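What follows is a short report on a single structure.
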Amino acid sequence: MNTAPADRVLVVDDEVDLARLIEGYLHKAGLDVAVRHDGTEAVAAVRSFDPDVVVLDLGLPGIDGIEVCRQVRTISDCHVLMLTARDDEIDKIIGLSVGADDYVTKPFSPRELVARVQAMLRRARTHNAQVPTTPEAPAQKLVIEDLVVDEAARRVQLGGEQVALTRIEFDLLVSLATHPHQVLSRAQLVELVWDTAWTGEDHLVDVHIGRIRKKLNDDASDPRFIHTIRGVGYRMGTGR
């Protein structure tokens with residue numbers, strides 16, 4: 001009987017014991033795991049191993065996790081889950097700004113990390129993403145002035161030019177675009193985009209919204225598309 005290949009996870013951490021612990025928990029969850037302890041080796045492993053998820057420590061010697069993430073984003077659409085120290089708030093922001101999808105703060109529960117990885121795996125990678133359609137919820141091509149969001153193709157165009165978005169960015173944009181004129185709270189966006197069991201901080205939404213705005217040339221102080229509703233969340237506008 002043929003079985004589907006296991007999802008692949010690359011663990012990158014220079015703490016050997018911690019990396020082995022993570023590897024063991026991920027193996028028990030039925031995942032194919034590779035481990036690297038060095039940034040340069042990690043980038044090479046992304047090319048050869050083609051992971052679905054990279055669990056990436058930011059505090060690597062030599063090429064640090066921020067630079068690894070930046071390089072990974074030029075060669076792969078894999079999910080990136082950062083491991084950060086509790087007080088490294090600036091590293092979290094920088095890591096997300098260069099393309100990481102989520103983070104877990106050290107110390108963490110290995111079971112929580114596995115749950116976060118599994119939640120990521122439930123979301124499609126960009127290159128093979130297909131949105132299932134049903135009569136009740138067909139995929140849509142959402143058009144807001146010169147912004148076109150094609151759910152089925154997972155493609156965004158602005159003024160006829162393609163806009164490269166990460167999975168999280170695309171899913172956030174779709175969530176807002178499919179609810180035009182409706183204010184969605186950060187908690188609602190977390191539930192729509194991440195996972196109902198997600199336990200991270202909802203300011204993650206703000207960072208990704210900021211990246212979307214930059215790619216759409218959407219000025220937060222005078223927005224065409226994404227409006228901030230102070231103290232509540234975000235609303236998709238209608239262009240102008």
Inset, instruction - Filter segment 26-71 down to residues that are within 16 Å of Asp14 (Cα to Cα) and acidic (Asp, Glu), then give me how many there are. - result: 5
Inset, instruction - Determine if segment 233-240 includes at least one residue that is touching a Lys or Arg at 6+ places or on another chain (Cβ under 9 Å) and modelled with pLDDT of 90 or more. - result: yes
Inset, instruction - Would you mind stating whether Leu184 is modelled with pLDDT of 85 or more, of a type in the set (A, V, I, L, M, F, W, C) and buried (at least 20 other Cβ atoms within 10 Å of the Cβ)? - result: yes
Inset, instruction - Would you mind stating whether Ala115 is modelled with pLDDT under 85 and either of a type in the set (A, V, I, L, M) or surrounded by 15 or more Cβ atoms within 10 Å (Cβ to Cβ) (or both)? - result: no
Inset, instruction - Take Lys141 and decide whether it is modelled with pLDDT under 90 and of a type in the set (Lys, Arg). - result: yes
Inset, instruction - Check off (1) modelled with pLDDT under 90; (2) touching a helix residue (DSSP H, G or I) at 6+ places or on another chain (Cβ under 6 Å) for Glu201 and give me the number that stays unchecked. - result: (2)
Inset, instruction - Of the numbered conditions (1) out of contact with any Gly (no Cβ under 6 Å at 6 or more places or on another chain); (2) in contact (Cβ under 8 Å) with a residue 12 or more places away in the chain, Asp17 fails exactly one; give the number of that condition. - result: (2)
Inset, instruction - Search segment 32-77 for residues being assigned to a strand (DSSP E or B) and within 15 Å of the chain's Cα centre (by Cα), and hand back the single one that is surrounded by the most Cβ atoms within 10 Å (Cβ to Cβ). - result: Val54
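Among the listed residues Arg8, Arg36, Arg73, which satisfies the condition of being over 23 Å from Arg123 (Cα atoms) and among the basic types (Lys, Arg)?
Working: Arg8 fails: over 23 Å from Arg123 (Cα atoms); Arg73 fails: over 23 Å from Arg123 (Cα atoms).
Unique residue meeting the criteria: Arg36.
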Inset, instruction - Would you mention how many residues in segment 156-176 are at pLDDT 90 or above and farther than 13 Å from Lys215 by Cβ? - result: 4
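The values are calculated or read from the model by the stated rules, or taken from the named source; none is laboratory data. Treat the numbers as computed from the prediction; the structure is a model and nothing was measured. Note: ideal-geometry Cβ built from the backbone for every residue, glycine included; neighbour counts use all protein chains shown.
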